[in-house]
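The values are calculated or read from the model by the stated rules, or taken from the named source; none is laboratory data. Just so you know, these numbers come straight off a predicted model, no measurement behind them. Heads up, the Cβs are rebuilt from the backbone with ideal geometry, glycines too, and the neighbour counts pull from every protein chain shown.
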Amino acid sequence: MAHPYVLLSAAVSLDGFLDDTGPERLLLSGPEDFDRVDEVRADSDAILVGAGTLRSDNPRLLVASAERRAARVAAGRPEHPLKVTVSASGDLDPTARFWHTGGAKIAYTTDEGARRLRELLPTDVEVAPLGPAVEWAVVLAHLGDVKGVRRLMVEGGGHVHTRLLQQGLADELRLAVAPLFVGEADAPRMFGPGAYPPGRMRLLETRPVGDVVLLRYVPTAPGTGRSAVAADRRWLRTACELAAQCPPSRTAFSVGAVIVAADGTELARAHSREGGDPVVHAEEAALAKLDPADPRLATATVYSSLEPCTRRASRPAPCARLILDAGVRRVVTAWREPDTFVASADGSGALTAQGVDVVLLPECERRAKAPNAHLLSPPDRS
């Protein structure tokens, strides 16, 4: 499944509210930040809001700038991003501006909600039933695999932001913090109570935009078991970037590896042939940087651009064995090892047989293959 990059976008007060309880929408941002949001919209393939936001704000969700719309069209894209909403009940106002402005629109709902929406909504709105319940992972998979969405901007509301972050489906959080307080207990908050991914998020950027401050964060905590979260994709992309740093070779793959603790702390990173060693493997080099007695290894995740090896001529212990000996019980990889040097290697199978959870993310395979293109036969160059 090719999940889109999910960007949560919102403006909040200093005390964490999205709005107050008054009849009119509280404007937290100024002109400069509204223009920034318009730029993000123009860069997105789709914009999503929940049913609650549709009811309370009646948004249009359009790209306001004529220049940005023209640039989208010149690049072969629709004038406005796909507009997306999600409603389990299908209880939506058919006269809302969302349905009657912009270009393509899709409403995800339950089978029961679909029967209601097909009677209410304009015929040009796609209604996508998801069965007896709405699952966010299924919504994202459909957007990525069927609708071709690679970048999804989520503009609310708080319930949607909360669920996507709690379920590990948000790749990035962008908050515009406004210099005011709401102070009303019943006002809507950005995030609700519940279990969130552990550890600290990573701050990518902070900058003033008019009188608000933009904060950009990304999650860092790996998933658990064989389920992948957004942080897994980010760490695996890092491993693929490390593979590109390998000295080129005609007799070995270029591989990158990162070891990450359960709370999102990076423990070690390495790449093949690091430090001038012509035969060292990425996972081997990364593990060598850690104390074997480090208790964090038992709950850590190893990210490797290529699945760990099970046989090698250069050293007595293959990387799959080193991972098992280190006590690591979760591995995320982008690419199954081809038969270029070792026939039927199956490092993933060897690890799984020993109780290790192995997660394959094929959407990162192209990145993993790129520094190895000279070793692959033409059918594998795609």
TODO: Report, ordered by the first and then the second residue, all pairs with beta carbons closer than 6 Å, sequence separation of six or more or different chains, a first member in the range 33-53 that is within 13 Å of residue 67 (Cα to Cα), and a second member that is surrounded by fewer than 22 Cβ atoms within 10 Å (Cβ to Cβ) and of a type in the set (Gly, Ala, Ser).
DONE: 38/64; 38/65
Open item on the list: Among the listed residues 250, 269, 296, identify the single one that is touching a residue at least 24 places away in the same chain (Cβ under 8 Å) and over 28 Å from the mean Cα position of the chain (by Cα).
Closed with: 250
TODO: Could you please find all residues in the range 236-266 being surrounded by fewer than 23 Cβ atoms within 10 Å (Cβ to Cβ) and closer than 17 Å to residue 5 by Cβ?
DONE: 237, 238, 241
TODO: Could you check, for the range 58-77, whether at least one of its residues is closer than 27 Å to residue 139 by Cα, modelled with pLDDT under 95, touching a Pro at 6+ places or on another chain (Cβ under 8 Å) and of a type outside the set (D, E, K, R)?
DONE: no
Open item on the list: Exactly one of these conditions fails for residue 28: (1) surrounded by 15 or more Cβ atoms within 10 Å (Cβ to Cβ); (2) within 24 Å of the chain's Cα centre (by Cα); (3) of a type outside the set (Ser, Thr, Tyr). Give me its number.
Closed with: (2)
TODO: Kindly state which strands (runs of 3 or more DSSP E) lie completely within the range 277-382 and contain at least 3 residues that are modelled with pLDDT under 95, within 21 Å of residue 259 (Cβ to Cβ) and hydrophobic (A, V, I, L, M, F, W, C).
DONE: none
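Considering only the range 277-287, I want to know if a residue exists there that is more than 24 Å from residue 365 (Cβ to Cβ), in contact with a helix residue (DSSP H, G or I) (Cβ under 7 Å, 6 or more places away or on another chain) and surrounded by fewer than 24 Cβ atoms within 10 Å (Cβ to Cβ).
Taking every residue of the range 277-287 in turn, none turns out to be more than 24 Å from residue 365 (Cβ to Cβ), in contact with a helix residue (DSSP H, G or I) (Cβ under 7 Å, 6 or more places away or on another chain) and surrounded by fewer than 24 Cβ atoms within 10 Å (Cβ to Cβ).
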Open item on the list: I'd like to check something: does the range 350-366 contain any residue that is in contact (Cβ under 8 Å) with a residue 24 or more places away in the chain, within 22 Å of residue 242 (Cβ to Cβ) and among the basic types (Lys, Arg)?
Closed with: no
Open item on the list: Quick check on this structure: which one of 308, 295, 362 is within 30 Å of residue 150 (Cβ to Cβ), exposed (fewer than 14 other Cβ atoms within 10 Å of the Cβ) and not small (Gly, Ala, Ser)?
Closed with: 362
Open item on the list: Here's a check for you: in the range 55-70, which residue that is of a type in the set (A, V, I, L, M) and touching a helix residue (DSSP H, G or I) at 6+ places or on another chain (Cβ under 7 Å) is farthest from residue 160 (Cα to Cα)?
Closed with: 64
TODO: Write out, first by first residue and then by second, each pair whose Cβ atoms fall under 7 Å of each other, whose residues are 6+ apart or on separate chains, and whose first residue, in the range 114-140, is over 20 Å from residue 170 (Cβ atoms) while the second is of a type in the set (Phe, Trp, Tyr) and surrounded by 14 or more Cβ atoms within 10 Å (Cβ to Cβ).
DONE: 121/99; 122/99; 125/99; 128/108
TODO: Kindly indicate whether any position in the range 198-208 is free of Cβ contacts under 8 Å to residues at least 60 places away in the same chain, touching an Asp or Glu at 6+ places or on another chain (Cβ under 7 Å) and farther than 30 Å from residue 22 by Cα.
DONE: no
- [ ] Quick one: which residue in 174, 202, 151 is modelled with pLDDT of 95 or more and buried (at least 18 other Cβ atoms within 10 Å of the Cβ)?
- [x] 174
